[in-house]
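These notes concern the structure reproduced below.
The values are calculated or read from the model by the stated rules, or taken from the named source; none is laboratory data. Since the structure is predicted, the reported quantities are computational estimates derived from the model, not experimental observations. Please note: Cβ atoms are built from the backbone with ideal geometry, for glycine as well, and neighbour counts cover all protein chains shown. For accessibility, only protein heavy atoms count, side chains too; no ligands or nucleic acids. Shrake-Rupley method; radii C 1.70, N 1.55, O 1.52, S 1.80 Å.
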Amino acid sequence: MRNTWIVYQKEMLETARTYKLIWIPVVFILLGAMQPIITYYMPEILQAANNVPQGILEGYVMPGAGTVMSQALGQYSTIGILVLVLVAMNSLSGERYNGSAELVLSKPVSPAGFVIAKWAGLFTILFLALGLGVASALYYTEQLIGSLPWMDVVAAAALYGIWLLCALSLTLLFSAFLRAPAAAFLSLLSSAGMALADSLMPSWFQWTPAALPGLSARLLSEGREAVGVNLSPCLSAALLILFCVAGASTLMGRNKLPK
Amino acid sequence: MMQPLLQVSNLRKSYGRHLSVGGISFEIAQGSCVALLGPNGAGKTTTLRMIAGLLPPSAGSIGFTGSYQGGDFRRELGYLPQSPAFYGWMSGQEYVVFAAKLAGMNRKEAEGKAKAALERVGLKAAARRRIAGYSGGMKQRLGLAQALVHRPRLLLLDEPVSALDPIGRREVMELLREIREETTIVFSTHVLHDAEEVCDEIIVMKDGLIAEQGALSVLRSKYSQPVITVRTEKNAEAIQWLNSVGAKPFILEARLNGEHAVFNVDNLKQARHTILKEAAASNIPLLQFEAGSSTLEDMFMKVVGG
């Protein structure tokens, strides 16, 4: 337990030293702030383009605050996931292949403790990036478009965060036995596959973690009362994350030595 | 009789059908320095990794006496892999503090011990620099510092000097000689000379098995056999003569390599007399004749080469 904490501290020092603690939140802040700003200035942008047919400009209706907010969150399921997966892909495989894991695991550190520390480090980055990103999106939405119930935004962001955490945990799992690029590819493929399955057959997959982004969007546009409590996607996400961390620990225990 | 610190019995490791370590047993006494000697691929690294708890053995057992109940035995262990990899973004000082904390020290104690360990391996000046800028020799010394910082009872070093230049090698060997006064050391090497320099016991491994083991002094006298080395000019007649000498009854073993021959003999006096007389009689163009005794190096070469 104590040593997991020490390895976690080392992880956080690394994210700070390698500037990950800065640039990932900055990307999330930019992604979040861009959506309300672009939506607000869309008529001006179109006008500046000069060659836009008349009808489009007049027909432009400013979307509601909830829609803008859910669009902002939607940015995180594409570029956001990509950034997170690229950051996480090296977390275990890099240490396995260069041998630094061998040295750390020869100390009284269990593979599970090592993996949990890594996972907690990634979670911290995600928490910071998503929190700041959502805050900036909320700020510009409130300033430019309209106000939103805070609790709904927090709940929607949390649902989105759980979905992103699933993608991170999958990357960690693949990173425990594959090389970094393969781990990134497979985790992107599996999260995209889940999202695709959910959008093709929503009634079949509404209990999977892939339903979380949709749930988050509905929460923002319709409000908490209309959506009600839907625990099954959260529960399945928790199970998936648990499975990924446990699987990564087992595989890390087997593959800790450099080839 | 003191209880040995480490007791390895019938240790095996196989990867699929490939047998890496084929059932070895040995004991290591407290305070001794043992060299694991053998060519590449003999199973030295695998053995050390199993002792360090990094690889589960396929069979057999490793007993580490003195580890308190419930405690992690790795606390009492210092391990340095063949090519240690650190975090390049850390400074040397930070890494050793990290290692000390993992061994159970609090922050203050860890910082003090880390400073002492770094000073000891001669990295005091570079302690605050990033590891990414360290040379190979400095990394090896940092590896020693992180393995030593918690005063382990057993130090496992995998080829600690193989990748170093002569100066770096010299420094690390000096350090090992100092450290062996304080703790038990097991280190692997493929150079007999390194083993003779600091150790008093060797275990020679080949193809996953122990070919020979024991105290150096015992092995030295055991393998000190009378031996005659003969070299002649390169001509067919002389080589034929060398072959005929090899078949004589007083020759225990003959190793012929063209015009160069090494004979293990049972009676040096008689052998010398006979060979020299014959060489003179049949007018053999001798270039070199030497009578002496075989060394550990000969034994090692025979074990490793044969």
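Among A:59, A:208, A:104, which residue has its Cα positioned farthest towards the positive end of the charge dipole of region A:2-254, with +1 placed on the Cβ of Lys and Arg, -1 on the Cβ of Asp and Glu, and the dipole taken about the Cα centre?
Working it through, the farthest residue towards the positive pole turns out to be A:104.
Hey, what angle do you get for helix B:107-120 against the long axis of chain B, alpha-carbon based, 0 to 90 degrees rounded to 10?
Long axis of B:107-120 versus the principal axis of chain B: about 30 degrees.
Give me Rg over Rh for chain B, both radii from the alpha carbons and Rh done the Kirkwood way, two decimal places.
That ratio is 1.10, to two decimals.
From Cα pairs below 8 angstrom and at least 6 apart in sequence, can you work out the relative contact order of region B:225-296, rounded to a whole percent? Walk me through the intermediate numbers first.
Values: 116 pairs, mean separation 34.6, N = 72.
Dividing the mean separation by the residue count of region B:225-296 yields 48 percent.
Would you mind computing, in nm to one decimal, how far apart the modelled labels at residue A:238 and residue B:215 are, each placed 7 Å from Cα along Cα→Cβ?
Each label point lies 7 Å from its Cα, and together they span 6.5 nm.
Rounded if a/c is under 1.5, else prolate if a/b beats b/c, else oblate: with a ≥ b ≥ c from the C-alpha gyration tensor eigenvalues square-rooted, which is region B:225-296? All intermediate terms of the calculation are to be shown ahead of the outcome.
Numbers: a/c = 1.68, a/b = 1.42, b/c = 1.19.
Judged from the Cα gyration tensor, region B:225-296 comes out prolate (a/c at least 1.5, a/b above b/c).
Is the shape of region B:85-147 best called rounded, prolate or oblate, per the rule: a/c under 1.5 gives rounded, else a/b larger than b/c gives prolate, else oblate, with a ≥ b ≥ c the square roots of the Cα gyration tensor eigenvalues?
Prolate is the answer for region B:85-147, as a/c is 1.5 or above and a/b outweighs b/c.
Rounded to whole Å and sorted largest first, list the principal axis extents of the Cα atoms in the protein assembly as shown.
Result, largest extent first: 122, 54, 46 Å.
Please identify every one of the trypsin sites (Lys or Arg not before Pro) in region B:228-306 that sits in a loop by DSSP and has no more than 14 other beta carbons within 10 Å of its own beta carbon. Spell out each step's value before the answer.
Numbers: sites: B:231, B:234, B:255, B:269, B:272, B:277, B:302; in loops: B:234.
Counting only loop positions with at most 14 other Cβ atoms within 10 Å, the trypsin sites (Lys or Arg not before Pro) in region B:228-306 are B:234.
Normalised by the number of residues in chain B, what is the relative contact order in percent for Cα pairs under 8 Å and 6+ residues apart?
Relative contact order for chain B comes out at 20 percent.
Compute the separation of the alpha-carbon centres of region B:26-62 and region B:132-192 and state it in Å as a whole number.
Each part's Cα centre sits 17 Å from the other's.
Residues of region B:272-306 with amide nitrogen under 17 Å from the 7 Å Cα-to-Cβ point of residue B:224?
Residues B:291-300 qualify, since their backbone N sits under 17 Å from the label point.
Probe radius 1.4 Å, ligands and nucleic acids ignored: give me the carbon and sulfur share of the accessible area of region B:42-150 as a rounded percent. Intermediate values should be presented prior to the final figure.
Working: 2060 of 4320 Å².
Within region B:42-150, the accessible surface is 48 percent carbon and sulfur.
Kindly give the semi-axes, whole Å and largest first, of the ellipsoid equivalent to region B:175-306, taking each as the square root of 5 times a Cα gyration tensor eigenvalue.
37, 14, 13
Mind checking which of A:21, A:46, A:31 has the largest fluctuation in a GNM of chain A, springs on alpha carbons under 10 Å?
Sorting by GNM fluctuation, first place goes to A:46.
Which one of A:166, B:93, B:203 is farthest out on the positive end of the charge dipole of the protein assembly as shown, using unit charges on Cβ (Lys, Arg +1; Asp, Glu -1) and the Cα centre as origin?
Farthest along the dipole direction, towards plus: B:203.
Kindly report, to the nearest 10 Å², the accessible surface of residue A:22 as traced by a 1.4 Å probe over protein heavy atoms only.
100 Å²
If A:19, A:8, B:134 are ordered by their accessible area, calculated over protein heavy atoms with a 1.4 Å probe, which sequence runs from highest to lowest?
Largest accessible area first, the list is A:19, A:8, B:134.
Relative contact order for chain A: what percent, with Cα pairs under 8 Å and sequence separation of 6 or more?
Details: 326 pairs, mean separation 75.7, N = 259.
Answer for chain A is 29 percent.
With +1 on the Cβ of every Lys and Arg and -1 on the Cβ of every Asp and Glu, and nothing else charged, how large is the dipole of chain B about its Cα centre, in debye rounded to the nearest 20?
Values: 36 positive and 31 negative charges, 210 e Å.
Taking the Cα centre of chain B as origin, the dipole is about 1000 debye.
On average, how much accessible surface per residue is there in chain B, in Å², for a 1.4 Å probe, leaving out ligands, DNA and RNA?
47 Å²
Could you tell me the center-to-center distance, by alpha carbons, between region A:42-98 and region A:1-34 in angstrom?
Cα centres, region A:42-98 to region A:1-34: 22 Å.
Mind listing which trypsin sites (Lys or Arg not before Pro) in region B:48-139 are in a DSSP loop and have 12 or fewer other Cβ atoms within 10 Å?
B:128
How much accessible area does residue A:123 have with a 1.4 Å probe, in Å² rounded to the nearest 10?
80 Å²
Against the longest alpha carbon principal axis of chain B, how many degrees, from 0 to 90 and to the nearest 10, is the axis of helix B:136-148 turned?
Its long axis makes an angle of about 60 degrees.
At a Förster radius of 60 Å, what calculated FRET efficiency corresponds to the Cβ-Cβ distance of residue B:260 and residue B:124, to the nearest 0.05? Could you put the intermediate results ahead of the total?
Working: r = 51 Å, r/R0 = 0.85.
Between residue B:260 and residue B:124 the formula returns 0.70.
Find how many whole Å separate the alpha carbon centroid of region B:283-303 from the alpha carbon centroid of region A:171-210.
68 Å
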